[in-house]
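This structure is in structure tokens; I'll ask about it shortly.
The values are calculated or read from the model by the stated rules, or taken from the named source; none is laboratory data. These figures come from a predicted structure and were not determined experimentally. Neighbour counts are summed over all protein chains in view; Cβ atoms, including those assigned to glycine, are modelled from backbone coordinates with ideal geometry.
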Amino acid sequence: MIRRITIVSTRVNPQNTSVNTDIHAFCDALGLFSLRDKESSLYRVFVEILKASKNNGGLTSDELAARTQLSRGTVVYHLKKLFESGIIIADHNKYYLRVQNLSQLVDELTRDVERSLNDIAAIAHRIDEELEL
């Protein structure tokens, strides 16, 4: 499976801020926000998934739409982005955080990035050998 991981900010300064500010900074650092998202709809979807993960629960797109007061189409659009980024998983029409908490999620994403960089390094090595660089 191809995962799209975009790191927009390589330096996030942890401060004594509100949990909402920290969640926003977390999502922003992973490149989950776009200028088009004027209503912070992805943030709202992500927060509901976080709340559900606290109880080891998942949510359907309809449940997320009701909780966030967004259209189901908007919710599905954001779920796709979170899924492709490797942040959430789907099981029986319910969406869950990929792991139990955000610290574990960062560990998993780190391993994903390391695997991708190792693959790129192997390709670079083959090219170097072929071109005798």
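Being in a loop (DSSP other than H, G, I, E, B) and surrounded by 15 or more Cβ atoms within 10 Å (Cβ to Cβ) is the filter here; which residues of the stretch 26-36 pass it? Lay out the reasoning, then the answer.
Taking the stretch 26-36 and keeping what is in a loop (DSSP other than H, G, I, E, B), we get 30-36.
Correct list: Leu30, Gly31, Leu32, Phe33.
Something else about it: Let me confirm something: among Ile5, Ile49, Ile23, which residue is surrounded by 14 or more Cβ atoms within 10 Å (Cβ to Cβ) and at pLDDT 90 or above? Explain how you work it out, then say what you get.
Working: Ile5 fails: at pLDDT 90 or above; Ile23 fails: at pLDDT 90 or above.
On inspection, the qualifying residue turns out to be Ile49.
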